[in-house]
Amino acid sequence: MERMIESPEGRVVQGAGMNGTEPLMERYIERAGLAEVWEKVRAGERLTFEDGVRLYESHEATAIGWMANQVRERLHGDVTYFVRNQHINYTNICNKDCKFCSFYAHKGGPTPYELDIEAVRQRVREHADFPITEIHMVGGINPRLPYQYYLDLVAAVKEERPGAIVKAFTMIELQQIARVAKKPLEEVLRDLMECGLGALPGGGAEVLTPRVHEELYNKKLDWRDWLATARVAHSMGLKSNATMLYGHIETLPERVEHLLRLRELQDETGGFLAFIPLAFDPQNTKLAHVARSTGVDDLKTISIARLLLDNFPHIKAFWMMITPPVAQLGLRYGANDLDGTIMNYEITHVIDRSNRQALTLEQLLELVREAGRVPVERDGLYNVVHRWDVEALPAAPSPAAAPVSLPVLN
């Protein structure tokens, strides 16, 4: 059965339907022991904690991915979003000592740095000829930075890139900024928004359970405080993403618990734009003995997020964390967003030290089209910038750095 789908501009377009594959897949899903879950998904019913655990414990990734793809196409048809964005990490000095972090400065690790405002301006200017519509900016919890620094930071980036969405500061950073400001969080957010803050990236959630918090990141906000901070930000009109760092010490039920806590807050505020699964990279961390997540786990996590987070508009396959080929497959496993060009990602790992961490516009379009999807360029708030299925490419290649080699895991 073919469905009619509304495009981002409101046009009704033809979308991919389940057609003749549905009976075959339903038999497969029944043999996999997931028929009850599929009945709920097909009827648009909300899945439970037990359903989520059952999905994670199942080895039938294809069946789970197929179900998630039905939800993805129900919401978005073949549309796949990406953004031309730049990442800026203003300091790697941090006092939280998280066991999963390879970014923060420490003995035997990265050299400490702290960008002054002019250095931040220069980083933005480096890509002045590139049509970036989102600046993603986060850093460590550096107790030496005064309140005015954060205000100047946002204002400088917005001044250099007035047309871009400034997406900055995790919930942990926001609480630190409020602490040094000695002001209520609401007042701090108002000040930052007046300087140009347009959205929040949603990092620092890690796994929102007491056990994981106590063992891995007990100097940071716990799950209640992270959600409370997001609640305040959403009440101020700021949209955010939400993340989950998976593949370390967490259990499968704890992953589900994390997702359902996000879903509960989204029911309340409606402030989350996208969910971003982040595959843990153990290199250069205190958990270096932990094996990396597999491609199957990455795809299942994307799929289960799409099935459980029924109130989240978007699910992202973050190519920087799971490699472009796996992210491309994720577009058939529930994801409808690839993130973007990125530019200078430093927080978790280096995919390929021989190249800059960026994808060109042409590479992103190729990834989306090869997956049989329709590429739509967005800004940081999911406003449509370009419909590349109906618009011609610019005459000259996009002025990006040398492209990343696609099979890229170290």
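The values are calculated or read from the model by the stated rules, or taken from the named source; none is laboratory data. Here the structure is a predicted model, which means the values were calculated and not measured. Glycine gets a Cβ as well: all are built from the backbone with ideal geometry, and neighbour counts include every protein chain shown.
Among the numbered conditions (1) over 25 Å from G380 (Cβ atoms); (2) among the charged types (D, E, K, R); (3) surrounded by 16 or more Cβ atoms within 10 Å (Cβ to Cβ), tell me where E206 comes up short. In the conditions (1) over 25 Å from G380 (Cβ atoms); (2) among the charged types (D, E, K, R); (3) surrounded by 16 or more Cβ atoms within 10 Å (Cβ to Cβ), E206 misses (1) alone. Mind checking whether some residue in the stretch 214-225 is touching a Phe, Trp or Tyr at 6+ places or on another chain (Cβ under 7 Å) and on the phi < 0 side of the Ramachandran plot? So far as the stretch 214-225 goes, yes, one or more of its residues are touching a Phe, Trp or Tyr at 6+ places or on another chain (Cβ under 7 Å) and on the phi < 0 side of the Ramachandran plot.
Would you mention how many residues in the stretch 55-72 are within 13 Å of D310 (Cα to Cα) and free of Cβ contacts under 8 Å to residues at least 60 places away in the same chain? Qualifying residue count for the region: 1. Looking across the stretch 232-260, just one residue is more than 22 Å from E50 (Cβ to Cβ), touching a residue at least 60 places away in the same chain (Cβ under 8 Å) and assigned to a helix (DSSP H, G or I), and that is A233. Among the residues of the stretch 274-304, those identified as part of a helix (DSSP H, G or I), surrounded by 22 or more Cβ atoms within 10 Å (Cβ to Cβ) and more than 12 Å from the chain's Cα centre (by Cα) are D298, L299, K300, T301, S303, I304.
Would you check which residues across the stretch 209-221 are charged (D, E, K, R), assigned to a loop (DSSP other than H, G, I, E, B) and surrounded by fewer than 16 Cβ atoms within 10 Å (Cβ to Cβ) and list them? Write out each step before concluding.
Step one: filter the stretch 209-221 for residues charged (D, E, K, R), giving 211, 214-215, 219-220.
Still in the list and also assigned to a loop (DSSP other than H, G, I, E, B): 219-220.
Scanning the stretch 209-221 gives a single hit, K219.
Would a scan of the stretch 166-174 turn up a residue that is at pLDDT 95 or above, within 22 Å of E264 (Cβ to Cβ), part of a strand (DSSP E or B) and of a type outside the set (D, E, K, R)? Within the stretch 166-174 (the criterion being at pLDDT 95 or above, within 22 Å of E264 (Cβ to Cβ), part of a strand (DSSP E or B) and of a type outside the set (D, E, K, R)), the answer is no, since none of the residues qualifies. Evaluation of G108 against the conditions (1) at pLDDT 95 or above; (2) surrounded by fewer than 18 Cβ atoms within 10 Å (Cβ to Cβ); (3) on the phi > 0 side of the Ramachandran plot shows that the sole unmet condition is (1). Just to be sure before I move on: is Q86 without any contact (Cβ under 8 Å) to a residue 12 or more places away in the chain and either under 30 Å from D379 (Cα atoms) or in the same structural domain as M320 (by TED's automatic domain parsing) (or both) in the structure I sent? It is false that Q86 is without any contact (Cβ under 8 Å) to a residue 12 or more places away in the chain and either under 30 Å from D379 (Cα atoms) or in the same structural domain as M320 (by TED's automatic domain parsing) (or both). Could you grab me the full set of residues in the stretch 357-398 that are at pLDDT below 90 and surrounded by fewer than 16 Cβ atoms within 10 Å (Cβ to Cβ)? Answer for the stretch 357-398, where residues must be at pLDDT below 90 and surrounded by fewer than 16 Cβ atoms within 10 Å (Cβ to Cβ): V390, E391, A392, L393, P394, A395, A396, P397.
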